[in-house]
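Reviewing the structure listed below.
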Amino acid sequence: MKEAIFEFKYKVYNSIDELPQEQQWLLQEARDVTGQAYAPYSNFQVGAVAKLVNGELVAGSNQENASFPVGLCAERVLLAAASSVFPKIPIETMAISYKSDSQKSDHPISPCGICRQSLQEFESRVGHQVQLILGGMEGPVYVIDSASRLLPLAFTSEELK
Ligand code: THU
């Protein structure tokens, strides 16, 4: 028997002001896109904006439903839109932000488990990492080189070959 360890490095900035200019801009776009969320049940609005390697921008926001499981997270709305409008074009960077009626938006949120699985598959099928910028409306910001870092020991398409 031996023990194995997973670890990964990510950057922690004290605020949006410390980010390189292009990352600041993308996070601000994600903050703005929270206004397009449809989240009447959770009152938790999430916005995501991605810059593709071809320079195009794609946005997503969470879209809820009276039948709760039908709702979609901002990240998967974005991935579906990007794949549909710009098939096979890798995402360079995705910024994610949120606001809430009941709590402060002063720390980063991280993609849920289903979105991590979707991000992993997106990265592997286009053969390119998705850099994540995670931040609230204020407060610290995390920058992670590759979304797959958030899903160690992932179940992937490799298993189905
Ligand atoms: N949500 C997202 O859109 N992205 C996340 O990373 C976490 C959660 C949404 C799902 C639901 O509409 C609301 O936030 C509360 O869970």
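The values are calculated or read from the model by the stated rules, or taken from the named source; none is laboratory data. Keep in mind it's a predicted model, so treat the numbers as computed, not measured. Neighbour counts run over all protein chains shown; Cβ positions are idealised from the backbone, glycine included. Keep in mind that these areas ignore ligands, DNA and RNA; they rest on the heavy atoms of the full protein, side chains included. Shrake-Rupley method; radii C 1.70, N 1.55, O 1.52, S 1.80 Å.
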Residues of the stretch 56-71 classified as in contact with an Asp or Glu (Cβ under 8 Å, 6 or more places away or on another chain) and surrounded by 13 or more Cβ atoms within 10 Å (Cβ to Cβ), total: 3
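Hey, among the residues in the stretch 81-101 that are in a strand (DSSP E or B) and open to solvent by 40 Å² or more (accessible area, probe 1.4 Å), which one's farthest from the ligand (Cβ to nearest atom)?
Let us first name the residues in the stretch 81-101 that are in a strand (DSSP E or B), namely 91-100.
Adding the requirement that they be open to solvent by 40 Å² or more (accessible area, probe 1.4 Å) leaves 92, 99.
Details: Glu92: 19, Lys99: 11 Å.
So the residue we want is Glu92.
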Scan the stretch 47-66 for residues that are among the charged types (D, E, K, R) and within 12 Å of the ligand (Cβ to nearest atom) and report the count. 1
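So which of Leu134, Leu78 ends up being within 15 Å of the ligand (Cβ to nearest atom), within 13 Å of the chain's Cα centre (by Cα) and part of a helix (DSSP H, G or I)? Break it down into steps so the answer makes sense when it comes.
Numbers: Leu134 fails: part of a helix (DSSP H, G or I).
It is Leu78.
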Could you list, in sequence order, all residues of the stretch 148-161 that are open to solvent by less than 70 Å² (accessible area, probe 1.4 Å), closer than 19 Å to Val12 by Cα and out of contact with any helix residue (DSSP H, G or I) (no Cβ under 7 Å at 6 or more places or on another chain)? none
Would you mind stating whether Lys104 is buried (at least 16 other Cβ atoms within 10 Å of the Cβ) and either of a type in the set (A, V, I, L, M, F, W, C) or at pLDDT 95 or above (or both)? no
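Only one of these is free of Cβ contacts under 8 Å to residues at least 40 places away in the same chain and either of a type outside the set (A, V, I, L, M, F, W, C) or over 12 Å from Ala48 (Cα atoms) (or both): Glu121, Glu92. Name it. I'd like the intermediate steps shown before the answer.
Numbers: Glu92 fails: free of Cβ contacts under 8 Å to residues at least 40 places away in the same chain.
Exactly one residue qualifies, and that residue is Glu121.
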Taking into account only those residues within the stretch 26-46 that are among the aromatic types (Phe, Trp, Tyr) and surrounded by 13 or more Cβ atoms within 10 Å (Cβ to Cβ), which is nearest to the ligand (Cβ to nearest atom)? Phe44
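Quick grid of which residues meet (1) under 16 Å from Ile109 (Cβ atoms); (2) part of a loop (DSSP other than H, G, I, E, B):
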site	(1), (2)
Glu3	no, yes
Glu7	no, yes
Asp17	no, no
Trp25	no, no
Arg31	yes, no
Gly35	no, no
Tyr41	no, yes
Gly47	yes, no
Lys51	no, no
Which of the residues spanning the stretch 109-125 are buried (at least 16 other Cβ atoms within 10 Å of the Cβ), under 16 Å from Asp145 (Cβ atoms) and either polar (S, T, N, Q) or more than 10 Å from the ligand (Cβ to nearest atom) (or both)? Leu119, Gln120, Phe122, Glu123
For the stretch 128-147, how many residues are without any contact (Cβ under 8 Å) to a residue 60 or more places away in the chain and open to solvent by less than 70 Å² (accessible area, probe 1.4 Å)? 6
